[in-house]
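A.B. asks: First the structure, then my questions, so here it is.
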Amino acid sequence: MFLPVSVQGGTTTPPIVKCKWEQDTSVVLEQGDPSHTVAGSQFLPPLAYGADIVVEFWAIVTDPEGVGTVKQVTVDVYHPAGPPENGSFKYQVILDKVDKPTVGMPAYIAARDAGLIAYNTGYNDAEVWDELDKCTADVYMGTALLSYHQPCGSYLVVADACDNGNAWASENATNLENMFDYLCTAGMEIDFDSLDYGTVEVCTNKWIAGDTVFDDPVGPSPVPNRATVRNIGNCDIQITVVQDDMDFGFSGDPSAPEWNVVYDARMGSDTVNEVVYVPNEQVTLPNKLPLCNTEELDFSIHVIKSMAVPHSGLMTLGCVIAPF
């Protein structure tokens, strides 16, 4: 039996990244698409101030001169192409080789069945599985964080590998790129659970001022917690507000009521952003609350006519994704 072999002083052929994928740490691997209806990975922000999600970066790598010659596997991650980061470099993650039978192969099967895997040109599941089932490919994994306020959008991930001769896959176009999505999700929280307008004179507009200090724990406004809102999502937002009539009622035709009370609201202290609204009308405040920002909320009440009796009602605050 003829057994040819060529021995050289160092490796000359770069590694090959045969496939790669990303997943979160949930049991469904991607909380943004738990039914796996969209190819690739879809992640949701934690919607909690100061929180992060863990992203796992996986790659299956081989080398024509033997997997034992692979020295390092990395992924470079880039921000979404649009504002505010405009596709800039985010970070590099160094991947570690995992135990193939107990960790790598089960992870590959789960990600394949979920439709998360990106294959390099010329490779498919059958070819990759054949190498995994033998000793000609290894599985690598590394983790990194995405913060609650990291911009939403599609993140480019470039996997590369080098061998003992410092030959990189990217030098031979055998590296691999794919994308994952950090789904745009609006989120906000406030530091007050009630708003006391206090004593109000008829036909006088009374403002209750907020501040930019987010108080903890949540309490009544304006004492002890002046009204504050902060963005806990991964996109710029606008605040929505709707109130009932606090039992002030109306005059005239019910189809076109003349309300006995009207309200104002604004985010921030600039009067240009004030919005006037009537009971049961949901309005959207015009200015944006950018990522990870905190701002004051100011509210006013204008009682047009009323008996000298106490009134109370309900206010609902929400948010929507702000347009670019």
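The values are calculated or read from the model by the stated rules, or taken from the named source; none is laboratory data. What you see is a predicted model; the values in this text were computed from it and never measured. So basically every Cβ, Gly included, is an ideal-geometry build from the backbone, and we count neighbours across all protein chains shown. Calculation scope for accessible area: heavy atoms of the full protein, side chains included, ligands and nucleic acids excluded. Shrake-Rupley method; radii C 1.70, N 1.55, O 1.52, S 1.80 Å.
A.B. asks: Which residues in region 126-163 place their backbone N less than 19 Å from a point set 7 Å from the Cα of residue 28 along the Cα-to-Cβ direction?
C.D. replies: Those under the cut-off are 153.
A.B. asks: Using modelled backbone amide H atoms (1.01 Å from N, in-plane), which distant-in-sequence or interchain residues come within less than 5 Å of residue 184's amide H?
C.D. replies: It is 153, by chain and number.
A.B. asks: Continuing with this model, one more query. Which of the lysines could a cross-linker bridge to residue 18, judged by Cα under 17 Å and excluding same-chain residues fewer than eight apart?
C.D. replies: 71, 97, 100, 134
A.B. asks: So, one more: Taking the Cβ of residue 195 as the centre, find all other residues whose Cβ is under 11 Å away and add up their charges (Lys, Arg: +1; Asp, Glu: -1).
C.D. replies: Here the count lands on -2.
A.B. asks: Take 17, 103, 98 and sort them by solvent-accessible surface of the protein heavy atoms, 1.4 Å probe, largest at the top.
C.D. replies: 103, 98, 17
A.B. asks: What is the sum of charges, Lys and Arg at +1 and Asp and Glu at -1, for the other residues whose Cβ falls under 12 Å from the Cβ of residue 270?
C.D. replies: Working: positive: 266; negative: 274, 295, 296, 298.
Net of charged neighbours comes to -3.
A.B. asks: Give a residue-ordered list of calculated ³J(HN,Hα) values for region 130-144 (Karplus: 6.51 cos²θ - 1.76 cosθ + 1.60, θ = phi - 60°; whole Hz; x for Gly, Pro).
C.D. replies: Values per residue, Gly and Pro as x: 4, 5, 5, 6, 9, 10, 10, 8, 10, 10, 10, 8, x, 10, 8 Hz.
A.B. asks: If you don't mind, there's one more thing I want to ask. Among 123, 150, 136, whose Cα sits farthest toward the positive end of the charge dipole of region 101-174 (+1 at Cβ of Lys/Arg, -1 at Cβ of Asp/Glu, about the Cα centre)?
C.D. replies: Projecting each Cα onto the dipole axis, the largest value belongs to 150.
A.B. asks: With the other protein chains left in place, how much accessible area per residue, in square angstrom, belongs to the chain at a 1.4 angstrom probe?
C.D. replies: Normalised by residue count, the accessible surface of the chain is 48 Å².
A.B. asks: Report the net charge of residues surrounding residue 216, where surrounding means a beta-carbon distance below 15 angstrom and charges are Lys +1, Arg +1, Asp -1, Glu -1.
C.D. replies: -3
A.B. asks: How do 270, 236, 138 rank by accessible surface area computed with a 1.4 Å probe, from largest to smallest?
C.D. replies: Descending order: 270, 236, 138.
A.B. asks: Expressed as a whole percentage, what fraction of the accessible surface of the chain belongs to carbon and sulfur atoms when a 1.4 Å probe is rolled over the protein heavy atoms? Present the calculation step by step, with values, prior to reporting the outcome.
C.D. replies: Details: 8520 of 15700 Å².
Accessible surface attributable to carbon and sulfur in the chain totals 54 percent.
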